[in-house]
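*Asks:* Once you've had a glance at the structure underneath, I'll fire off some questions.
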Amino acid sequence: MKLKTLIIDDQPTSIAILEGMLADHCDCFVATNGQKGIEFFEHALKSGQPFDVVLLDIVMPELDGIETLKRLRKIELSGRSLQLFGKQDGLTRIIMQTCSEDPQDFLASYMEGRCNGYINKPYSRDEILEKVLGEMPRD
């Protein structure tokens with residue numbers, strides 16, 4: 001069964017690369033900005049079919065990835081029982097991706113946003129699959 005995956009990134013090239021790397025393992029949905037990603041995420045959660053994984057770019061115009069991450073977690077934590085969705089801690093796996101070298105981005109992603117992973121661009125297919133699939137079996 002494929003993972004339901006949301007890619008939030010403003011760069012068409014990055015989106016295409018991720019979709020290609022994940023095609024065998026994930027059904028990918030795409031949002032090209034943080035606000036649209038939040039809307040997709042919230043709709044999926046309310047419909048009872050939440051995303052398994054979110055790949056979230058940090059450097060985006062208007063609403064950056066760290067603020068988007070905080071809002072996604074707030075949506076998850078408000079008004080629902082986290083046990084309903086069968087995830088280990090009830091939260092969607094969110095992997096931050098960036099070409100930023102700023103250590104503050106790294107710290108904010110983990111400490112303030114509770115992300116599950118962090119990967120620098122450019123990345124390899126193996127790196128992405130390791131972060132996205134984690135302990136899940138690969139074909």
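The values are calculated or read from the model by the stated rules, or taken from the named source; none is laboratory data. Everything quoted here is computed from the prediction, not taken from an experiment. Cβ: placed from backbone, ideal geometry, glycine included. Neighbour counts: every protein chain shown.
*Asks:* Among the residues of the stretch 11-25, what is the count of those that are touching an Asp or Glu at 6+ places or on another chain (Cβ under 8 Å) and crowded, with 17+ Cβ neighbours inside 10 Å?
*Replies:* Qualifying residue count, the stretch 11-25: 4.
*Asks:* Just checking, how many residues over the stretch 98-139 are surrounded by fewer than 17 Cβ atoms within 10 Å (Cβ to Cβ), part of a helix (DSSP H, G or I), of a type in the set (D, E, K, R) and at pLDDT below 80?
*Replies:* Selection size over the stretch 98-139: 1.
*Asks:* If you don't mind, there's one more thing I want to ask. Checking residue 72 against (1) farther than 22 Å from residue 40 by Cα; (2) modelled with pLDDT of 80 or more; (3) crowded, with 17+ Cβ neighbours inside 10 Å: exactly one of these is not met. Which one?
*Replies:* Answer for residue 72: the failing condition is (1).
*Asks:* Let me ask something else about it. Could you tell me which residue of the stretch 1-59 is farthest from the chain's Cα centre (by Cα), considering only residues that are in contact (Cβ under 8 Å) with a residue 60 or more places away in the chain and farther than 13 Å from residue 129 by Cα?
*Replies:* Residue satisfying both the conditions and the ranking: 14.
Each row is one residue, and each column tells you yes or no for (1) farther than 22 Å from residue 2 by Cα; (2) buried (at least 17 other Cβ atoms within 10 Å of the Cβ); (3) out of contact with any strand residue (DSSP E or B) (no Cβ under 7 Å at 6 or more places or on another chain); (4) at pLDDT 95 or above.
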{"residue": "31", "(1), (2), (3), (4)": "no, yes, no, yes"}
{"residue": "34", "(1), (2), (3), (4)": "yes, yes, no, yes"}
{"residue": "38", "(1), (2), (3), (4)": "no, yes, yes, yes"}
{"residue": "94", "(1), (2), (3), (4)": "no, yes, no, no"}
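*Asks:* Something else about it: Would you say residue 14 is touching a strand residue (DSSP E or B) at 6+ places or on another chain (Cβ under 8 Å) and of a type in the set (S, T, N, Q)?
*Replies:* Taking the combined requirement at face value, the residue satisfies it.
*Asks:* Just to be sure before I move on: is residue 27 modelled with pLDDT of 90 or more, assigned to a strand (DSSP E or B) and among the acidic types (Asp, Glu) in the structure I sent?
*Replies:* yes
*Asks:* Moving on to the next point. Residue check, residue 67 against (1) at pLDDT 90 or above; (2) surrounded by 17 or more Cβ atoms within 10 Å (Cβ to Cβ); (3) outside any helix (DSSP H, G or I); (4) of a type outside the set (S, T, N, Q), all met but one. Which one?
*Replies:* Condition (3) is where residue 67 drops out.
*Asks:* State the number of residues belonging to the stretch 30-64 that are of a type in the set (D, E, K, R) and not in a loop (DSSP other than H, G, I, E, B).
*Replies:* 5
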